[in-house]
Amino acid sequence: MPDTDVFAERHTDSGTDARLLRETGLIPFARWCPSPNFGPRPDGVPISLLVVHNISLPPGQFGGPEIEDFFCNRLDHSAHPYFQTIEGVQVSAHLLIRRDGVLVQFVSLLERAWHAGRSCFEGQDECNDFSIGIELEGTDDIPYTPEQYRRLAEVADLIMAAWPAITDDRITGHCDIAPGRKTDPGPAFDWQYFRAGLHAARGSGRNV
Ligand SMILES: [Zn+2]
């Protein structure tokens, strides 16, 4: 089959994927790890913002099950001194991208996840109401992996197709909506590289 047909087919599939995502709120290629930490979005407030975060548990350590345990309220808080400082905290994000690019989903995108906290984007408070939160497994200062940038671009492209109100300038960092309180995704996150990848993902017909 010629390459052009392959691209045409992908475009058709991507349109279907975006419609399906709008209906179900579930990313088809994510591993589903349901968190109880969510609620309904307020009526009449369209999804219009994508927030990029980072998290690692314990801080600076990667690869373990602790982030998933934390978002699902089953973290063993006695297992590490840092975990005691976050005992009783109930948070979530819609999505997590592990260091190897694996995507995990905790909350349907149609629901309101608890990732932004006290926050404001262009005069609009309570960003959890109208945003989708994506965590990158990482820290502010350790470079993110190419697999994470690639996966983030792919999933952002699909989300933007499903909710076109999320334009390029409505993809932001937690640090930007909660300045002075939050620093993630930190200086390690290369916005220019990410945006270049996002445009490349768009050009490839959302082949996710
Ligand atoms: Zn954050």
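Listing for the model above:
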| item | result |
| --- | --- |
| Counted charge near Ala196, where neighbours are those whose Cβ lies closer than 12 Å (Asp, Glu -1; Lys, Arg +1) | +1 |
| Inter-centroid distance (Cα atoms) of the stretch 20-94 relative to the stretch 156-171, Å | 20 |
| Residues Ser78 and Glu23, FRET efficiency given R0 of 41 Å [Cβ-Cβ distance, rounded to 0.05] | 0.45 |
| Order by protection proxy (mean Cβ within 10 Å, highest first), peptides 79-88, 118-127 | 118-127, 79-88 |
| Residue-averaged [θ]222 nm for the chain, counting only DSSP H segments that reach four residues, each worth -39500 (n - 2.57) | -10000 deg cm²/dmol |
| Cα-projected label distance for Val45 with Gln192, points at 7 Å along beta-carbon direction, nm | 3.5 |
| Calculated from backbone phi, Karplus (6.51, -1.76, 1.60) coupling profile of the stretch 137-143 in Hz, x at Gly/Pro | 5, x, 10, 5, 10, 9, x |
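A short reminder: the numbers here are calculations on the coordinates, not readings from a lab. Because the structure is predicted, anything quoted here is derived from the model rather than measured. Positions of Cβ are backbone-derived with ideal geometry, glycine not excepted, and every protein chain shown enters the neighbour counts.
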